[in-house]
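Only one structure is covered here, and it is reproduced in the block below.
The values are calculated or read from the model by the stated rules, or taken from the named source; none is laboratory data. Remember, it's a predicted structure, so these values are computed and weren't measured experimentally. Cβ atoms come from the backbone with ideal geometry, glycine included; neighbour counts cover every protein chain shown.
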Amino acid sequence: MIVKEEFLSKLRTYFSLNLYEVKIWTALLSRGVATAGELSDIANVPRSRSYDVLESLEKKGFVVMKFGKPIKYLAVPPNEVVERVKKYMREEADRKITRLDEMRQTEIVDELKQLHDQGIELVEPTDLSGSLRGRHNLYNHLEMMIKSAESTVTIMSTSTGLIRKLEGLKGAMQRAKKRGVAIRIAGPISKEAQAVVDEMKDVADIRHTDARARFCIVDGKELMFMVTDDEEIHPTYDVGIWVNTPFFANALESLFEETWGTMKPIAASK
């Protein structure tokens, strides 16, 4: 049996299996039913490991052990395996979320917060900076910044970036608005963005500008700016710089303020 390494790598990623498990599983799929020894030879997996691997696959619902001598194994249909893996992942995610929720009710989080507060007191303001890679990480940090906002949030983005931010950060912005935070958002508003702009018009003051930039300023002291063009870079390689610097953040917000009045307010679509 010849299975491409690229195919095995994809199976490992999608089904969270190790290399021996995907080799034995694909070997069994190609035979339908087989003994551990036969699968070991087909998959080029040491016989001493094949029994452990098959036991693991059986527990995960990928194979069924048939009674008799010698013991044989039957492959579960792939569509059924996908459903089983999905169910297991949901159950595992629910268990982990429950554990985290339970932990929040204990003194552990308070102790962690105390450690963080003590550590921050020792950090120089110039050290409160860093780079973030990957759009997922960028948006997680943007959400954290908005959650901590006390007075203002200023965002400027590209046309597609505005849609992503209005959709992905909607919850954080709505909660900030309820705390009395003033939110201003600017960027090129496309027809595709009109629907989400209408949905968020009561949460943020959104205006159109042809200028293209990507940054977020919180309370005039905390700043994140993206160093790449989101239309030319894959989300995985998107890079942002985060700094906690009132001097620079205030300067950039002052420049934004000068052009804010010239930007076109967005009217709701009919």
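Some notes on this structure:
- When the residues of region 103-135 are filtered to those that are in a strand (DSSP E or B) and either at positive phi or of a type in the set (Gly, Ala, Ser) (or both), the one that is modelled with the highest pLDDT is Ser131.
- Scanning region 56-82 for residues that are in contact (Cβ under 8 Å) with a residue 24 or more places away in the chain and either outside any helix (DSSP H, G or I) or out of contact with any helix residue (DSSP H, G or I) (no Cβ under 8 Å at 6 or more places or on another chain) (or both) gives Lys60, Gly61, Phe62, Val63, Lys66, Pro70, Ile71, Lys72, Tyr73, Leu74, Ala75.
- Residue within region 209-228 that is in contact with a Phe, Trp or Tyr (Cβ under 6 Å, 6 or more places away or on another chain), more than 16 Å from Met263 (Cβ to Cβ) and among the hydrophobic types (A, V, I, L, M, F, W, C) present: yes
- Listed by first and then second residue, the pairs with beta-carbon distance under 8 Å, at least 6 apart or on different chains, first residue in region 190-204 and surrounded by fewer than 14 Cβ atoms within 10 Å (Cβ to Cβ), second in a loop (DSSP other than H, G, I, E, B) and among the polar types (S, T, N, Q), are Ala195/Ser269.
- For the condition farther than 15 Å from Lys72 by Cβ, modelled with pLDDT under 95, part of a helix (DSSP H, G or I) and not aromatic (Phe, Trp, Tyr), Leu28 does not qualify.
- From Val85, Val53, Val22, residue being in contact with an Asp or Glu (Cβ under 6 Å, 6 or more places away or on another chain), assigned to a helix (DSSP H, G or I), surrounded by 12 or more Cβ atoms within 10 Å (Cβ to Cβ) and on the phi < 0 side of the Ramachandran plot: Val53
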